[in-house]
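Below: one structure, written as structure tokens.
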Amino acid sequence: MKQVKHMKWWGWGEEGVFFNYANKPAFAPFVKKHLGIDLRPRQVDTIPFDASTVPDSPLPDALRDALVAATASDRVTTDAHERVVHGHGSSVTELLHVSRFDYGRLPEVVVYPETDDEVAAVLRACVEADAVVVPFGGGTNISRSLQLDPTEARPIVSLDMGLLVGVHELDTESGLARIGAGMLGPDLEEALNARGWTLGHFPDSFTHSTLGGWAATRSSGMQSDKYGDIADIIRGMTVVRPSGTVTLKPVPSESTGPSLREMFIGSEGRLGVITDVWVRVHRLAEERVVVAYMYPTWSDAVDAIHSIAEAEVPTTFVRISDAHETAFSLSTQKEAVTLKKKVEAKAQEQLWAFMRRRGWDTDQMCISYVCFEGSKGDVDGRRRDVALIAKRHGALTLGTGPGALYDQKKFDTPYLRDFLLEQDVMGDVSETAAPWSRINTLHDSVYVAAQDAFDKLGKQGFIMCHLSHSYHVGACLYFTFAFQAGEEPDREYATVKTAIQQAFVDNGGTLSHHHGVGMEHAPWMEQVVSTEGVNLMRTLFAATDPGNHLNPGKIVDASLSLYDQL
């Protein structure tokens with residue numbers, strides 16, 4: 001479907017866009033030190049698609065005819081490339097296998113509906129044919145919410161939402177907009193910005209993910225401190241089910257029993273297909289500034305961020321990197337080739353020397369970014385408030401230069417995973433949220449758990465962390481880990497990932513803050529929401545989808561668990 005944009009079939013993002021370390025002189029030595037490997041120049045610019053590696057689709061003729069009748073013949077396809085694109089998400093294990101032409105279970109067919117009525121007709125056809133339906137947005141999910149059950153014998157239909165797009169209504173008096181669920185982040189923001197508005201939701205996957213995907217996985221964006229998580233942003237929605245359509249009006253709040261809106265947010269396609277969403281929107285800010293600060297230690301930085309939250313200083317985001325992530329960030333700085341950059345690099349070296357003379361251990365320092373939006377007066381006042389808090393906790397203000405650079409590159413990080421995979425390195429992320437009283441203990445415990453897992457595998461590994469979202473009662477910790485894969489990458493990955501996830505649960509954290517559950521995190525659900533909580537979910541899914549047709553095996557009862565690899 002030419003008018004619907006998809007990522008490259010074998011990796012993250014667009015063809016021709018790569019992580020490049022050739023102009024980052026400190027990066028290869030950093031990797032050598034922390035992973036024990038010598039980087040080689042990039043060898044893969046693209047992986048040519050070979051349709052002969054894809055088995056033919058065994059789509060029953062009767063189901064094909066029903067899907068064509070529900071939509072149109074040119075919007076129902078069994079094309080090999082389409083089936084591979086729609087057969088996986090973007091978890092590191094999925095991309096590892098797909099890039100090696102090991103596709104796993106693929107959908108028999110991909111369907112592109114244009115209207116709610118067509119979605120309803122497709123769902124009815126699938127239930128009638130006893131087929132499985134998996135809604136597909138941008139394909140960015142990393143918790144295996146899109147991975148298909150390898151033992152599923154029924155036909156699988158991938159329902160691509162890419163034609164259900166557009167800003168359908170904009171209520172400027174109320175600050176509400178009704179938007180098609182298939183709309184990609186950049187297209188959504190461009191349409192709103194043209195009218196002077198913004199959604200303000202910017203997850204790391206922003207350039208390739210959709211509004212419906214954000215809703216279905218209970219997403220958070222890097223600016224959630226101001227604009228809220230997607231659950232705060234969504235005010236109403238339309239959800240199409242095989243038996244009918246649920247329409248939830250956009251209201252500020254209501255007391256109408258258990259919240260259907262909350263029930264659908266995070267449901268990962270198991271309760272129906274989200275086709276459009278009412279969201280709250282904001283007028284574009286007059287001014288936007290990102291300021292960087294450097295703290296002596298992680299605990300100093302956490303105390304400062306907690307103080308900012310307690311003081312209720314209005315910020316768009318507040319982020320701190322721990323010492324490991326700060327060192328990593330510094331290793332990715334480009335080589336200074338212009339006179340201006342050479343002067344800046346020299347000034348940085350002098351600053352680090354100054355800090356050491358003041359007693360800082362520069363191996364422990366932590367960089368922080370704070371974003372301010374509003375009128376010039378508002379921004380100036382908030383910057384002063386944060387500067388005072390930062391100074392009280394020992395920080396140095398680095399200014400807007402590093403902050404502007406961070407803002408420019410905030411969506412580039414996922415490309416690093418593809419580069420690492422080519423180097424036979426498994427690199428991935430895992431995130432959690434916990435009360436302020438548990439943050440430091442949780443942070444340290446995850447480091448211990450990850451190192452124990454690396455030791456168990458006999459591997460040199462690396463882990464780093466940043467605090468990415470702040471709340472009144474706590475914050476989100478976002479970990480990144482990497483190690484060189486061997487002959488059993490699935491087992492090795494499962495060993496490290498399960499250790500980190502269990503450390504979350506054991507130390508007062510949540511299973512996931514914003515990546516959803518999928519198959520990846522399902523094994524821990526009973527520990528997180530209790531056995532009775534999981535039983536309630538099972539009852540809900542069984543009652544609303546008795547034939548188990550809607551993205552089965554996600555959230556609970558995963559058909560492909562990490563534990564299967566151990």
Kindly establish whether residue 380 is more than 30 Å from residue 494 (Cα to Cα) and within 18 Å of the chain's Cα centre (by Cα). no
Restrict the check to the range 330-337 and report whether at least one residue is out of contact with any helix residue (DSSP H, G or I) (no Cβ under 6 Å at 6 or more places or on another chain), assigned to a strand (DSSP E or B) and either at pLDDT below 75 or not aliphatic (A, V, I, L, M) (or both). no
If the requirement is being touching a Pro at 6+ places or on another chain (Cβ under 9 Å) and in contact (Cβ under 8 Å) with a residue 24 or more places away in the chain, which of these qualifies: 60, 55, 25? 60
Could you figure out which of (1) within 29 Å of the chain's Cα centre (by Cα); (2) open to solvent by 60 Å² or more (accessible area, probe 1.4 Å); (3) touching a residue at least 60 places away in the same chain (Cβ under 8 Å) isn't true of residue 87? (2)
Being under 21 Å from residue 269 (Cβ atoms), in a loop (DSSP other than H, G, I, E, B) and of a type in the set (Gly, Ala, Ser) is the filter here; which residues of the range 507-532 pass it? 512, 516, 518
Restricting the search to the range 400-437, which residues are modelled with pLDDT of 95 or more and touching a Cys at 6+ places or on another chain (Cβ under 8 Å)? 431, 432, 433
From the list 255, 267, which one is over 28 Å from residue 401 (Cβ atoms), open to solvent by less than 60 Å² (accessible area, probe 1.4 Å) and assigned to a loop (DSSP other than H, G, I, E, B)? 267
Can you spot a residue in the range 66-79 that is under 30 Å from residue 484 (Cβ atoms) and not basic (Lys, Arg)? no
Top-ranked residue of the range 423-461 - restricted to ones that are within 30 Å of residue 42 (Cβ to Cβ) and of a type in the set (Gly, Ala, Ser), ranked as most open to solvent (accessible area, probe 1.4 Å): 458
Please enumerate the residues belonging to the range 184-221 that are assigned to a loop (DSSP other than H, G, I, E, B), at negative phi and open to solvent by less than 20 Å² (accessible area, probe 1.4 Å). 199, 201, 203, 209, 219, 220, 221
Residues of the range 1-38 classified as of a type in the set (A, V, I, L, M, F, W, C), part of a loop (DSSP other than H, G, I, E, B) and open to solvent by 30 Å² or more (accessible area, probe 1.4 Å), total: 6
Only one residue in 410, 346 is out of contact with any Pro (no Cβ under 6 Å at 6 or more places or on another chain) and farther than 30 Å from residue 218 by Cα, so which one is that? 346
Residue match in the range 43-52 (condition: open to solvent by 50 Å² or more (accessible area, probe 1.4 Å), among the acidic types (Asp, Glu), at pLDDT below 95 and touching a Lys or Arg at 6+ places or on another chain (Cβ under 7 Å)): no
Only residues that are open to solvent by 10 Å² or more (accessible area, probe 1.4 Å) and not in a helix (DSSP H, G or I): list them for the range 556-566, please. 557, 558, 559, 560, 561, 566
Among what's in the range 56-75 and is assigned to a loop (DSSP other than H, G, I, E, B) and open to solvent by less than 80 Å² (accessible area, probe 1.4 Å), pick the residue that is farthest from residue 115 (Cα to Cα). 57
Can you confirm whether the range 533-544 contains a residue that is in a loop (DSSP other than H, G, I, E, B) and either open to solvent by less than 60 Å² (accessible area, probe 1.4 Å) or more than 28 Å from residue 466 (Cα to Cα) (or both)? no
Of the criteria (1) open to solvent by 30 Å² or more (accessible area, probe 1.4 Å); (2) under 23 Å from residue 556 (Cα atoms); (3) charged (D, E, K, R), which one residue 144 fails: (1)
Restricting the search to the range 312-337, which residues are open to solvent by 40 Å² or more (accessible area, probe 1.4 Å) and among the hydrophobic types (A, V, I, L, M, F, W, C)? 327, 330, 337
So in the range 174-183, with the set limited to residues that are part of a strand (DSSP E or B) and in contact with a Lys or Arg (Cβ under 9 Å, 6 or more places away or on another chain), which one is surrounded by the most Cβ atoms within 10 Å (Cβ to Cβ)? 177
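The values are calculated or read from the model by the stated rules, or taken from the named source; none is laboratory data. Because the structure is a prediction, the values reported are computed rather than measured. Reconstructed Cβ throughout: ideal geometry from the backbone, glycine too, with neighbour counts over all protein chains shown. Protein only, heavy atoms only, side chains kept; ligands, DNA and RNA dropped before computing areas. Shrake-Rupley method; radii C 1.70, N 1.55, O 1.52, S 1.80 Å.
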